[in-house]
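Report on the structure given below.
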Amino acid sequence: MFEILSSRSTILNSILTLQGDIEQNGQNIERLEKAKGEIVDKQAELQFNKDLVDGPELGASIWTGEHATTFLSIRDELVVSINYMCNTRVEDMLDHIGAEVERLRSLNSSLSDSIASLNRQLDSLDDA
């Protein structure tokens, strides 16, 4: 009898631990999804505002010479950097977040299967 109670207690503790892990993973998924949404919003904002780098227009009548050439070169570098951030870096980050969310969901599915198995073990102890 004591052995059955000990096994039952161990199984119940395992179930509680696994449920806690599932809850923690769920919270992490929510945080990642929220961060992903915020990143997408900032990416859109950056895309929308990147044309501001080209203003004001500099022409021969406004600004010429070495400083104008240097400034235009810096502008071009900024456009390249912004495009790299918006396209490559942000997309890599979003892919990484998506992969982590998928990993956590898969883990939760596996943990749920483990809980179901432990519940079956409890049922078999109750029948004994």
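Taken together, the values in this text are just the output of simple stated rules run on the coordinates, not laboratory data. Remember, it's a predicted structure, so these values are computed and weren't measured experimentally. Glycine also receives a Cβ, built like all others from the backbone with ideal geometry; neighbour counts cover every protein chain displayed.
Local charge for V79 was computed over the other residues whose Cβ lies under 13 Å away, with Lys and Arg +1 and Asp and Glu -1, and equals -2. Placing a label point 7 Å from the Cα of T10 along the Cα-to-Cβ line, the residues of region 84-128 whose backbone N sits under 20 Å from it are 114-128. Modelled spin-label separation between S110 and I74, with each label point placed 7 Å from Cα along the Cα-to-Cβ direction: 5.2 nm.
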